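Read through the structure below, which is laid out as structure tokens, and then see the notes.
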Amino acid sequence: MSLESDRVPPEVLAFRELVQVVRHLEQELSGFRRRALQAEARVKELESYALSAGDGRDGPALARENVELRKRLDEARTRTSALLERVRFVRQQQARGAER
């Protein structure tokens, strides 16, 4: 009883193994390709949704609006702080007047 490996030259065995590895890689590559195509389709779907859901303004316009809103917010903070200081001053004056 002799084994197949005893009768087959090592080059043939190596070639068979190589063929199996290539088939396996081919299957994996096919799976990766299928997943990549699905991902690309999903990205296109999300991009079209984002464009249709937006109000037509582009990124630079939104960035400018964001800068303007931050500026207005900072100004409002400054005015609010000034008003708070005035209220504190008036309360201190009232407290001093009540002590007398």
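Brief remarks on what is shown
- Hey, R88 part of a helix (DSSP H, G or I), surrounded by 10 or more Cβ atoms within 10 Å (Cβ to Cβ) and free of Cβ contacts under 8 Å to residues at least 12 places away in the same chain or not: yes
- Among the residues of segment 57-85, those that are in a helix (DSSP H, G or I) and of a type in the set (K, R) comprise R64, R70, K71, R72, R77, R79.
- From the list A95, A50, A14, the one residue that fits, being loosely packed, with under 10 Cβ neighbours inside 10 Å, assigned to a helix (DSSP H, G or I) and over 21 Å from the mean Cα position of the chain (by Cα), is A95.
Bear in mind these aren't lab numbers, they're just calculated from the coordinates by the rules spelled out. Keep in mind that what you see is a predicted model, and the values were worked out from it rather than measured. With ideal geometry, Cβ positions are generated from the backbone for all residues, glycine too; neighbour counts draw on all protein chains shown.
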